[in-house]
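Contents: one structure, followed by commentary.
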Amino acid sequence: MELHILEHRLKVTSIAKPGLHYYTHSLIKLAFLRDRSRCKFFSLTETPDDYTVVLDEEGYKELPPSEYLQVVDTIWLALNVVFHGISANSSQIVGVTKIAKSVIAPLAEHGVSVFLLSTYQTDFIMIQEKDLPVVICTLSEEFTVYREESGESVPVYSRVNSNGFFEDLLVKSETMHPISSPQNQFCVMSLDPCSLSSVATVLIDVMFYSGSEGREGVLDQNSDRIKFFSFSLIDGYISIVMDAELQKKFPVDVLLTSSTGELWRMVRIGGQPLGFEECGIVAQISRPLADADISAYYISTFKFDHALVPEEDIDLVVNTLMNRQEMGR
């Protein structure tokens, strides 16, 4: 297997909902007007709390500073795992489950905090730039590591300290964060970039205006459902996660999904904002799912984390994670 350190230098930001009007023009430009922006990595996720926007340094220039914008004060690098042969037992699973044991767990054990973004196409493991030497050392035995430079994949070799190895890091016991599972059914889809303009009006409405009071199809915030929408445009590939009810707003056969048209349910992680320094949050969810061979998409946001699992597995997943929390107390 290969681990690629992508060229993107990323910023993780949060836009408060009351200030969205300050940023709508910039976000529309980043999402729909690729020829007017040099941004190559753009992801926007709406939750009940805020809009989390992850974007490269070129895209970040489009966001004007204001009291409504919060920014993590560090540069993030995106890692991507490339599989050159899919084993029989892994061909049935998708998402972060495939890399839970080979990437997520080892990084947690070595004190590396990760911010994860699963898309329809792949999984991006984001790490703080300062942690890159530890990441390379930790994963170089399992992976051939490359760094993308000007479109070329350049081999990277582990740099050890003067004693010939990295000193073991003292990692605190992981905190067991509370979980919840809203009743929404979600779709994970893609969209041909050539078709983006044909659904731009609908997408803009869903992304920025569907939360207005009295609008048709708005989710009831007092119910056991959750407002969640994610749009990513990364290196020319589009990925969309939305409530299945919102999918009905779009023309038939424009949004691409798997041949089975699978629906997904959410596990939301965190009772209060999780922060960015704690390690092991993704691992505490992904490892049990990997043990059970359950597929999972995972989307980190500025305040909370979210895992999407097949609808038929949601009861098993919730029970497994709840039991694990009880054992960890």
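The values are calculated or read from the model by the stated rules, or taken from the named source; none is laboratory data. Since the structure is predicted, the reported quantities are computational estimates derived from the model, not experimental observations. For neighbour counting, all protein chains shown are included, and Cβ atoms are generated from backbone atoms with ideal geometry for every residue, glycine included. These accessible areas exclude ligands, DNA and RNA; they are computed on the full protein's heavy atoms, side chains included. Shrake-Rupley method; radii C 1.70, N 1.55, O 1.52, S 1.80 Å.
Sort out which residues of the range 230-245 are crowded, with 18+ Cβ neighbours inside 10 Å and either over 17 Å from residue 46 (Cα atoms) or hydroxyl-bearing (Ser, Thr, Tyr) (or both), and write them in order of number.
Looking only at the range 230-245, we keep the residues that are crowded, with 18+ Cβ neighbours inside 10 Å, and these are 230-234, 238-243.
230, 232, 234, 239, listed by residue number.
Kindly indicate which of 143, 186 is at pLDDT below 95 and open to solvent by less than 70 Å² (accessible area, probe 1.4 Å).
On the way: 186 fails: at pLDDT below 95.
Among 143, 186, only 143 is at pLDDT below 95 and open to solvent by less than 70 Å² (accessible area, probe 1.4 Å).
Does the range 246-255 include one or more residues that are assigned to a helix (DSSP H, G or I), open to solvent by less than 60 Å² (accessible area, probe 1.4 Å) and either more than 19 Å from residue 78 (Cβ to Cβ) or at pLDDT below 90 (or both)? Working first, answer last.
Filtering the range 246-255 down to residues assigned to a helix (DSSP H, G or I) leaves 246-247.
Imposing the further condition that a residue be open to solvent by less than 60 Å² (accessible area, probe 1.4 Å) reduces the set to 246.
With either more than 19 Å from residue 78 (Cβ to Cβ) or at pLDDT below 90 (or both) added as a condition, the list becomes 246.
The answer is yes; a qualifying residue exists.
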Problem - Any chance residue 322 is open to solvent by 50 Å² or more (accessible area, probe 1.4 Å), free of Cβ contacts under 8 Å to residues at least 12 places away in the same chain and not basic (Lys, Arg) - result: no
Problem - Check on residue 232, at pLDDT below 95 and not aromatic (Phe, Trp, Tyr) - result: no
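Filter the range 189-199 down to the residues that are touching a helix residue (DSSP H, G or I) at 6+ places or on another chain (Cβ under 9 Å) and surrounded by 15 or more Cβ atoms within 10 Å (Cβ to Cβ) and list them by number. First the steps, then the outcome.
Of the residues in the range 189-199, the ones touching a helix residue (DSSP H, G or I) at 6+ places or on another chain (Cβ under 9 Å) are 189, 191, 193, 196-197.
Residues satisfying the conditions are 189, 191, 196.
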Exercise for the section: Residues being loosely packed, with under 15 Cβ neighbours inside 10 Å and either among the β-branched types (Val, Ile, Thr) or assigned to a loop (DSSP other than H, G, I, E, B) (or both): count how many of those fall in the range 263-291. Expected result: 6
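Which residues, taken from the range 3-33, are open to solvent by 40 Å² or more (accessible area, probe 1.4 Å) and closer than 30 Å to residue 135 by Cβ? Before you say what the answer is, go through the steps one by one.
First pass over the range 3-33, keeping only residues open to solvent by 40 Å² or more (accessible area, probe 1.4 Å): 7, 9, 17-18, 21-22, 25, 28-29, 33.
Answer for the range 3-33, where residues must be open to solvent by 40 Å² or more (accessible area, probe 1.4 Å) and closer than 30 Å to residue 135 by Cβ: 7, 9.
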